[in-house]
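The structure appears right after this line, and notes come after that.
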Amino acid sequence: MTDFSAIHKPVLLDECVSLMSPALEGQGAVAVDCTLGLAGHTIAFLKACPNAKVIGIDRDEEALAMATERVAGEGLSDRFTPVHAAFDEFSAVLDDLGVRRVNAAFMDLGLSSLQIDETDRGFSYAHDAPLDMRMDVSQTLTARQILAEYPAERLAGIFRTYGEERFARQIAREIVKRRGRDPLTTSDQLTRLVDEVVPQAHRPAGNPAKRVFQALRIEVNGELDKLAGTLPQIACRLAPHGRLVVESYHSLEDRTVKTFMAEGLRIDAPAGLPVIPEDAKPFFEPLTRGAVKADEAEVARNPRSASVRLRGVELIRPLPQRWRSRYLAQASDDDAYERSVAQAKGRPARRAAVAHDRDGATRRTGRNTAGRTDDNHGRRR
């Protein structure tokens, strides 16, 4: 039997259980673990909440199989439903299962230990590997394809937007310059190229290639667009007093989560009104004061917890209809993240190019809020 404890250490486990469990006390309560991984958090939820059932979603078939094995080994299979899907298919998954409302939803946005430690997908610059970076190997777009085919301007945009890389343009130009004679196919090649381009005096702490790797992974998997499109779906499917708990690991994720939660925490009306309209009152209540971080003891036990930011909210009243309509529109937007960034900066969002779609179709994702997928990306099996 696989020794999961050796490869998987859930981050802020006790804190996550404490935030989730009050919503899962009722008989037949339903939680969704949108990022199942190796089921560390899911198993803890099931053990702490004996009346609850958990739907576990993961786009990585290997991780899903291992998680299912692990839950079975704990004797918890009768309250667990594994689903192969990307988390932006949240509503479609619930529709397929006949679930109208859920009592809690959890997201751990970090790479799983399995993905980090695998040497054949190229997620990490710590060891040489093919530049793949797909979380779901059934999709077609890879990091290698992006580096081989995207024009310099688009590469620079990816590195700048998704990696906040100061030298995005220089790195992109060097990639395009070299790839004709020396195609970039491995993580070592890319790491060396970035190392040569980024000046010593302007390097971030750690490996200078880390921001480029982050940006490529986000582009390959559509992570931020999926996140920005999934949070509204969750809000629309939460039961009264349902809870949303999210762990993020870099500033782009955390900013997206923080901004989304803040929308429901504020009064959505002009200042000075003598009476606040009912549909303008806050519908979320914070469960955390700001973001919870791992303490020194946890970081010492699990260094990968160093960058975690944990946030949670509770739905304290029915979602106002105008917010529901707004969220449904956001949930069906294939460029939700880029559009939100563009709106914040007061400029129109650029439409995503379709020439290198992740699944060969003309859409970036398989998201369909009506409850069905329309392509092979993140397909359920």
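The values are calculated or read from the model by the stated rules, or taken from the named source; none is laboratory data. Not measured: the values here are computed from a predicted model. Glycine also receives a Cβ, built like all others from the backbone with ideal geometry; neighbour counts cover every protein chain displayed.
Numbers for the structure displayed
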| item | result |
| --- | --- |
| In region 54-103, the residues that are of a type in the set (Ser, Thr, Tyr) and in a helix (DSSP H, G or I) | Thr68, Ser77, Ser91 |
| Test: residue in region 214-221 that is in a loop (DSSP other than H, G, I, E, B), of a type in the set (Lys, Arg) and assigned by TED's automatic domain parsing to the domain that holds Gln145 | no |
| Residue in region 198-213 that is farthest from the chain's Cα centre (by Cα), counting only those that are in a helix (DSSP H, G or I) and either surrounded by 15 or more Cβ atoms within 10 Å (Cβ to Cβ) or of a type in the set (A, V, I, L, M) (or both) | Ala201 |
| Meets criteria (closer than 30 Å to Ala215 by Cβ and touching a Phe, Trp or Tyr at 6+ places or on another chain (Cβ under 6 Å)) for Val245 | yes |
| Subset tally (residues that are closer than 22 Å to Ala228 by Cα and either outside the structural domain of Gln321 (by TED's automatic domain parsing) or basic (Lys, Arg) (or both)) for region 245-288 | 3 |
| Residues of region 83-97 satisfying the condition of being surrounded by fewer than 20 Cβ atoms within 10 Å (Cβ to Cβ) and not aliphatic (A, V, I, L, M) | Asp95, Asp96 |
| Given (1) out of contact with any Ser or Thr (no Cβ under 9 Å at 6 or more places or on another chain); (2) among the small types (Gly, Ala, Ser); (3) part of a helix (DSSP H, G or I); (4) at pLDDT 95 or above, number of the condition Gly229 does not satisfy | (1) |
| Residue satisfying all of: in region 148-197; among the β-branched types (Val, Ile, Thr) and assigned to a helix (DSSP H, G or I); surrounded by the most Cβ atoms within 10 Å (Cβ to Cβ) among these | Ile171 |
| Positions within region 9-53 being over 22 Å from Arg301 (Cβ atoms) and either in a helix (DSSP H, G or I) or among the polar types (S, T, N, Q) (or both), in sequence order | Ser21, Pro22, Ala23, Leu24, Gln27, Leu46, Asn51 |
| Residue within region 54-65 that is in the same structural domain as Glu25 (by TED's automatic domain parsing), in contact (Cβ under 8 Å) with a residue 12 or more places away in the chain and over 20 Å from the mean Cα position of the chain (by Cα) present | no |
| Any hit, region 65-81, residues being at pLDDT 95 or above, in contact with a His (Cβ under 8 Å, 6 or more places away or on another chain) and not basic (Lys, Arg) | no |
| Pick from region 137-147, criterion buried (at least 16 other Cβ atoms within 10 Å of the Cβ) and in a loop (DSSP other than H, G, I, E, B), ranking: modelled with the lowest pLDDT | Gln139 |
| Odd one out for Ala48 among (1) closer than 15 Å to Ala29 by Cβ; (2) in contact with a helix residue (DSSP H, G or I) (Cβ under 6 Å, 6 or more places away or on another chain); (3) buried (at least 20 other Cβ atoms within 10 Å of the Cβ) | (3) |
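Yes/no per residue for (1) touching a strand residue (DSSP E or B) at 6+ places or on another chain (Cβ under 6 Å); (2) assigned to a helix (DSSP H, G or I); (3) touching a residue at least 60 places away in the same chain (Cβ under 8 Å); (4) crowded, with 16+ Cβ neighbours inside 10 Å:
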position	(1), (2), (3), (4)
Ala239	yes, no, yes, yes
Leu252	no, yes, yes, yes
Lys258	no, yes, no, yes
Gly264	yes, yes, no, yes
Pro274	no, no, no, no
